[in-house]
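Presented below is the structure to which this report refers.
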Amino acid sequence: MKQKSSTIRAHEIEPLTALLSRERLSALIQLTGSSECAINLHQETLRLGAALMHVIATVEIAFRNAVCDCLEQHFNTPQWLRQPPHPFAWKDTEQKKVNLAVDSAQRAEYSKLSQSKKAALEVLAFPSGRPQNLSHLKRAKARRQFINVTHGKVVAELTLHFWKRLFGPEYEQSLWRTALKRTFPDKRLTRAEVAIQLEHIYQSRNRLAHHEPVLHVRFDDTINAIIFVTQRLGSRLPDQSTPLATLLDSDIKHAIAMADTLHATLRSYRA
């Protein structure tokens, strides 16, 4: 299968190879025998990644919000993230992530404040006067501690790594059995089965965020994991007509079609 005609002009090939990096293109150059073909395939890979990332972003948002709703009901407090009721406690990894998310949300709000409002925070931070020789960074951090940020802003600062960790073995008893099973209510599913699918999505999301390709077996695993979540999140049985599955149906098919075309092109060079 031939690639569609290139718009790259001959004198642009070497500069583009240098800009994208020969190391990054090396496998494609070796496969095709052509820097021009390698550049075109590289761009097709990025286009596929963008299409896949669009789907993953929607899945991540829906999954995160489903978990949040479930845990708010379970803990019966809107402050469950920062102040979970006893006897539950976050493991150290998750507690650090929550603390960092709060700080990041406070930094974002602090950056929007006027100088007068920042000065007002300093009065709260240092009621007896600012200590001598305090660095600017420590001064700003002390001020930020008095900024109240909403639960939603903290949630938005937490990455998929945090949310998928809640389905790890460390939380089997304290979260999965007591609450999170309700996010995937099919009685036949185990926590480990859900965790595996979330891990596929997480790993590909990270690769795509760093502009790395998601192809072949990795692509198949990711699409299957996406379909798993869209058809099972909140559903007692796998259902192709859940709201999330319906929303993403055409986008998933589009990504699969793009991958099929790209994989066929890659196979044609290997042949």
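Readers should treat all values here as calculations from the given coordinates under stated rules, not as data from a laboratory. Being a predicted model, the structure only gives us computed values, none of them experimental. Here the Cβ positions follow ideal geometry from the backbone for every residue, glycine too, while neighbour counts run over all protein chains shown.
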Report summary line: Averaging 1/r across every pair of distinct alpha carbons in the chain and inverting yields a Kirkwood hydrodynamic radius, in angstrom, of 22.0 Å
Query raised in the report: Which value, in debye to the nearest 20, gives the size of the charge dipole of segment 10-270 about its Cα centre, when Lys and Arg are +1 and Asp and Glu are -1 at the Cβ?
Result: 1200 debye
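Go ahead and run the numbers for FRET between Leu20 and Thr246, Cβ-Cβ distance against an R0 of 41 Å, rounding to 0.05. Intermediate values should be presented prior to the final figure.
Numbers: r = 38 Å, r/R0 = 0.92.
Here the calculated transfer efficiency is 0.60.
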Report summary line: Of segment 159-174, those with amide N under 19 Å from the point 7 Å along the Cα→Cβ vector of Glu109 are 159
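Using the per-residue mean of other Cβ atoms lying within 10 Å as a proxy for protection, in what order, highest first, do the peptides 198-207, 134-143 fall? Mind showing how you got there, number by number?
Working: 198-207: 19.3, 134-143: 13.2.
In descending order of packing, they fall as 198-207, 134-143.
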Query - Separation of alpha-carbon centers, segment 128-168 and segment 88-110, rounded to whole Å - result: 6 Å
Report summary line: Helix 115-125: inclination vs the chain longest Cα principal axis, degrees, rounded to 10, gives 60 degrees
Requested in this report: Please name whichever of Val123, Thr17, Ala255 sits farthest to the positive end of the charge dipole of the chain, dipole taken about the Cα centre and charges placed at Cβ: Lys and Arg +1, Asp and Glu -1.
Outcome: Val123
Requested in this report: Round to the nearest 10 and give me the degree value, 0 to 90, for the angle of helix 243-270's Cα axis relative to the longest principal axis of the chain.
Outcome: 40 degrees
Query raised in the report: For segment 124-216, with only Lys/Arg (+1) and Asp/Glu (-1) charged at the beta-carbon, what is the dipole magnitude about the Cα centre, in debye rounded to 20?
Result: 480 debye
Report task. Let me have the 222 nm mean residue ellipticity of the chain computed from DSSP H runs of 4+ only, each contributing -39500 (n - 2.57), with the sum over all residues rounded to the nearest 500. Result -> -21500 deg cm²/dmol
Report summary line: For segment 92-220, whose charge dipole is built from +1 on Lys and Arg Cβ atoms and -1 on Asp and Glu Cβ atoms, the candidate among Leu189, Phe162, His151 with its Cα farthest towards the positive end is His151
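From Cα pairs below 8 angstrom and at least 6 apart in sequence, can you work out the relative contact order of the chain, rounded to a whole percent? Don't skip to the answer; put the middle values down first.
Numbers: 223 pairs, mean separation 67.1, N = 271.
This gives 25 percent for the chain.
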Requested in this report: Can you figure out the FRET efficiency of Lys138 with Arg82, using R₀ = 22 Å and their beta-carbon distance, to the nearest 0.05?
Outcome: 0.45
Query raised in the report: How long is the gain from Ile13 to Glu193 if the chain were fully straight, where each residue apart is worth 0.36 nm and the alpha carbon distance is subtracted?
Result: 60.2 nm
